[in-house]
Protein chains: 2
Amino acid sequence: MTSVRQTPPPASSGRRGRPGYDLESVLRVAVKLFNDRGYDGTSMEDLSRKLGITKSAIYHHVSSKQELLRLAVDRALDGLFAVVDEAEQVDGRAVERLEYLVRGSVTVLVDRLPFVTLLLRVRGNTKVERAALARRREFDKIVSELVRAAENEGDIRPDIDPAVTARLLFGMVNSLIEWYRPRRGSDPTDLADAVAKIAFDGIRT
Amino acid sequence: MTSVRQTPPPASSGRRGRPGYDLESVLRVAVKLFNDRGYDGTSMEDLSRKLGITKSAIYHHVSSKQELLRLAVDRALDGLFAVVDEAEQVDGRAVERLEYLVRGSVTVLVDRLPFVTLLLRVRGNTKVERAALARRREFDKIVSELVRAAENEGDIRPDIDPAVTARLLFGMVNSLIEWYRPRRGSDPTDLADAVAKIAFDGIRT
């Protein structure tokens, strides 16, 4: 099989006997296309053209477009749920676990920006999308329960419905996908600090 | 020309001699379709099928799909810029004008939810979309300058870049399109209160 390359492929990451793209680079290019054109609006033909390799060469790595989507949204979700697990280990008050979750989520968003962007745009038309939405709802429920627990401990303002507080809190966090673009030398920790300060203590002096 | 109706049209709003849909109801159905399937993914054929009227009957009201988009995003943008004008009339400190702008924007989002949803998903592939993005950038600049002015007056925390503060502030406001669904008896003022309290004073007690 001949693979015509329109763009120079990244160096092989060592997949034996198959120079050029590995699964990771195929996935990254696919996620960029999905984000630019929409998942439904991107075909394996488009991906093949973008990579400059044949569709067969892509199917060497993944079985379908849907598998690429699953790998991508799981990359985002696994990162977020790892933070949930870590947050649960934080001793002390619920508000401290909540703050850990907010900061950790910002870091995951920054580190896995294209993957989280795709996740947050998923609409639920396919099995993979519905599974991703179910895991998102599970995450939202964890946040909401943590806000409620922190409110019960007297650390979170009681004058707003905890579900609304949780939505607004992660509305702010998730807005990063709309405007944050990594710059050389910028530190995700600074951004996590900014989000945590504003969310917990407000923008007013 | 015969117009075959698959769904009962709303009562005529008085457009003389043409019972059935008026421009406003065509626009509302179009915006719902654009939000559900994407602007690019919706054809005038789809709209005609959804409305149960011929394409010619639609072209009686608007010249093109792009004109529907323009009417829709302008509905959102005109609402937001009306709030900007009102905010500028607020005497006193910049932080008060900023709070007015936040509360007013929440109200516009709630009142014009489908229109603002469409606006916030616009990507800039057509002339109308690029014009909408330009007006959005203008709005963002106004917010950013207001945050900077309030910071200079000592009312907004100086430890975060005003541009980042502005982004996070409206990230929270705009997140409403993702989760807010109007319920009977719910009051937009309560939601504007919740957003303003959390944004300005934080979720912590």
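The values are calculated or read from the model by the stated rules, or taken from the named source; none is laboratory data. Because the structure is a prediction, the values reported are computed rather than measured. When we count neighbours, we look across all protein chains shown, and the Cβ atoms used for this are built from the backbone with ideal geometry, even at glycine.
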| task | Evaluate region B:184-194: report whether one residue or more is facing chain A (nearest Cβ under 7 Å) and of a type in the set (Val, Ile, Thr). | result | no
| query | Out of A:136, A:181, A:97, A:148, which single residue is within 23 Å of residue B:169 (Cβ to Cβ) and not hydroxyl-bearing (Ser, Thr, Tyr)? | reply | A:181
| message | When you scan region A:181-201, do you find a residue that is at pLDDT 95 or above, crowded, with 16+ Cβ neighbours inside 10 Å and assigned to a loop (DSSP other than H, G, I, E, B), even just one? | response | no
| Which is over 14 Å from residue A:176 (Cα atoms) and out of contact with any Gly (no Cβ under 9 Å at 6 or more places or on another chain), of A:98, A:80, A:118, A:113? | A:98
| request: Kindly indicate whether any position in region B:98-116 is surrounded by fewer than 20 Cβ atoms within 10 Å (Cβ to Cβ), within 12 Å of another protein chain (Cβ to nearest Cβ), modelled with pLDDT of 95 or more and out of contact with any strand residue (DSSP E or B) (no Cβ under 7 Å at 6 or more places or on another chain). | output: no
| Does residue A:135 qualify as being more than 11 Å from chain B (Cβ to nearest Cβ), under 29 Å from residue B:157 (Cα atoms) and either part of a loop (DSSP other than H, G, I, E, B) or basic (Lys, Arg) (or both)? | no
| said: Yes or no: region B:120-128 includes at least one residue that is of a type in the set (S, T, N, Q), in contact with a helix residue (DSSP H, G or I) (Cβ under 8 Å, 6 or more places away or on another chain), surrounded by 15 or more Cβ atoms within 10 Å (Cβ to Cβ) and more than 14 Å from chain A (Cβ to nearest Cβ). | reply: yes
| task | Of the numbered conditions (1) surrounded by 14 or more Cβ atoms within 10 Å (Cβ to Cβ); (2) out of contact with any Pro (no Cβ under 9 Å at 6 or more places or on another chain), residue A:59 fails exactly one; give the number of that condition. | result | (1)
| query | Can you tell which of A:91, A:159, A:155 is surrounded by fewer than 16 Cβ atoms within 10 Å (Cβ to Cβ), within 10 Å of chain B (Cβ to nearest Cβ) and more than 30 Å from residue A:33 (Cα to Cα)? | reply | A:159
| task | Working only within region A:62-84, note down all residues that are surrounded by fewer than 17 Cβ atoms within 10 Å (Cβ to Cβ) and within 20 Å of the chain's Cα centre (by Cα). | result | A:66, A:67, A:78, A:81, A:82
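The rows are residues; the columns are (1) over 19 Å from the mean Cα position of the chain (by Cα); (2) in the same structural domain as residue A:33 (by TED's automatic domain parsing).
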{"position": "A:56", "(1), (2)": "yes, yes"}
{"position": "A:86", "(1), (2)": "no, no"}
{"position": "A:92", "(1), (2)": "yes, no"}
{"position": "A:102", "(1), (2)": "no, no"}
{"position": "A:119", "(1), (2)": "no, no"}
{"position": "A:122", "(1), (2)": "no, no"}
{"position": "A:127", "(1), (2)": "no, no"}
{"position": "A:146", "(1), (2)": "yes, no"}
| query | Out of region A:162-183, which residues are among the small types (Gly, Ala, Ser) and either in contact with a Lys or Arg (Cβ under 7 Å, 6 or more places away or on another chain) or within 8 Å of another protein chain (Cβ to nearest Cβ) (or both)? | reply | A:171, A:175
| request: Look at region B:167-189 and say how many of its residues are more than 12 Å from residue A:176 (Cα to Cα) and of a type in the set (Gly, Ala, Ser). | output: 2
| For residues in region B:148-163 being hydrophobic (A, V, I, L, M, F, W, C) and either outside the structural domain of residue B:137 (by TED's automatic domain parsing) or in a helix (DSSP H, G or I) (or both), which is nearest to residue B:200 (Cα to Cα)? | B:150
| said: Looking at the structure I just gave you, is residue B:149 surrounded by fewer than 18 Cβ atoms within 10 Å (Cβ to Cβ), aliphatic (A, V, I, L, M), over 19 Å from residue B:191 (Cα atoms) and within 14 Å of another protein chain (Cβ to nearest Cβ)? | reply: yes
| field | residue B:165 vs. criteria farther than 24 Å from residue A:35 by Cα, of a type in the set (Ser, Thr, Tyr) and buried (at least 18 other Cβ atoms within 10 Å of the Cβ) | value | yes
| request: Working only within region A:17-49, note down all residues that are crowded, with 17+ Cβ neighbours inside 10 Å, in contact (Cβ under 8 Å) with a residue 40 or more places away in the chain and either away from chain B (no Cβ under 14 Å) or not in a loop (DSSP other than H, G, I, E, B) (or both). | output: A:21, A:26, A:27, A:30, A:31, A:34, A:35
| message | Residues to consider are B:171, B:202; find the one that is in contact with a Phe, Trp or Tyr (Cβ under 9 Å, 6 or more places away or on another chain) and on the phi > 0 side of the Ramachandran plot. | response | B:202
| Filtered residues of region B:116-132 (kept if part of a loop (DSSP other than H, G, I, E, B) and over 18 Å from residue B:170 (Cβ atoms)) | B:123, B:124, B:125, B:126
